[in-house]
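The values are calculated or read from the model by the stated rules, or taken from the named source; none is laboratory data. Predicted model only: the values in this text are computed from it and were never measured. Note that we place each Cβ from the backbone using ideal geometry, even for glycine, and neighbour counts take in every protein chain shown.
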Amino acid sequence: MNLFENKNIKLRAPEIDDIQTIYDIENNTGLWQVSQTLVPFSLFDIEQHILRSNKDPFKTSQARFVITKKESNEIAGLIDLYDIDALNKRAGVGIMIVEKFRNKGYAKEALSILIKYAFEVLHLHMLHCIIDIENKASLKLFVSEGFKISGLLKDYFIRYDNLNSYEWRDVHILQLINN
């Protein structure tokens, strides 16, 4: 086994053949609250992102991986390092699991692999994530991998119920320090 896999899943770079699946994930408006997306992505946008994805993550400030099931190569989700800061050796972490693969442990496995990559290959010092205080599943996931709640940001983002109704949301900031 290599660094990017375990017995159940593997993380791999996005491929051109993944455009439609990534397009469907990114344009799922039910997930826009989490990703803070405001407009849909075009197939061209996704293609350009994939073509840049094999570049140096310190130059692009991002490393995106497709999470696949080893037995079937089905795409179970996406996991990212974003806002990679080479000077301060830190990055944010984002993860999205396709609905039919949720609650099967794939997010935990993918996060574990990503942490190892971030610390052992990129030599980052700190990973962080921002989680809505009501997102108990994500909070449990990150805490189970050693992240600690380091703060609370009040009214950090707006969650829209429809175009005329919204509420301000508080978030936890979590960090994992590479000792």
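Can you tell me which residue in region 64-89 is farthest from the chain's Cα centre (by Cα), limited to those that are more than 18 Å from T21 (Cβ to Cβ) and not hydrophobic (A, V, I, L, M, F, W, C)?
Restricting to residues being more than 18 Å from T21 (Cβ to Cβ) and not hydrophobic (A, V, I, L, M, F, W, C), the top hit is N88.
Name the single residue that is modelled with the lowest pLDDT among those in region 101-156 being out of contact with any strand residue (DSSP E or B) (no Cβ under 6 Å at 6 or more places or on another chain) and acidic (D, E).
Top of the filtered list is E134.
Tell me which residues, restricted to region 1-18, are modelled with pLDDT under 85 and crowded, with 17+ Cβ neighbours inside 10 Å.
Answer for region 1-18, where residues must be modelled with pLDDT under 85 and crowded, with 17+ Cβ neighbours inside 10 Å: just D18.
If we keep just the residues of region 152-163 that are surrounded by 12 or more Cβ atoms within 10 Å (Cβ to Cβ) and free of Cβ contacts under 8 Å to residues at least 60 places away in the same chain, which is farthest from I177 (Cα to Cα)?
Y156
Go through region 101-131 and report how many residues are closer than 26 Å to N179 by Cα, among the hydrophobic types (A, V, I, L, M, F, W, C) and outside any strand (DSSP E or B).
Final tally of qualifying residues: 11.
Within region 132-144, can one find any residue that is outside any helix (DSSP H, G or I), farther than 29 Å from Q20 by Cα, of a type in the set (K, R) and out of contact with any Ser or Thr (no Cβ under 6 Å at 6 or more places or on another chain)?
Going through region 132-144, the residues outside any helix (DSSP H, G or I) turn out to be 132-135.
Narrowing further to those that are farther than 29 Å from Q20 by Cα: 133-134.
Those still in the list that are of a type in the set (K, R) too: none.
No, every residue in region 132-144 fails to be outside any helix (DSSP H, G or I), farther than 29 Å from Q20 by Cα, of a type in the set (K, R) and out of contact with any Ser or Thr (no Cβ under 6 Å at 6 or more places or on another chain).
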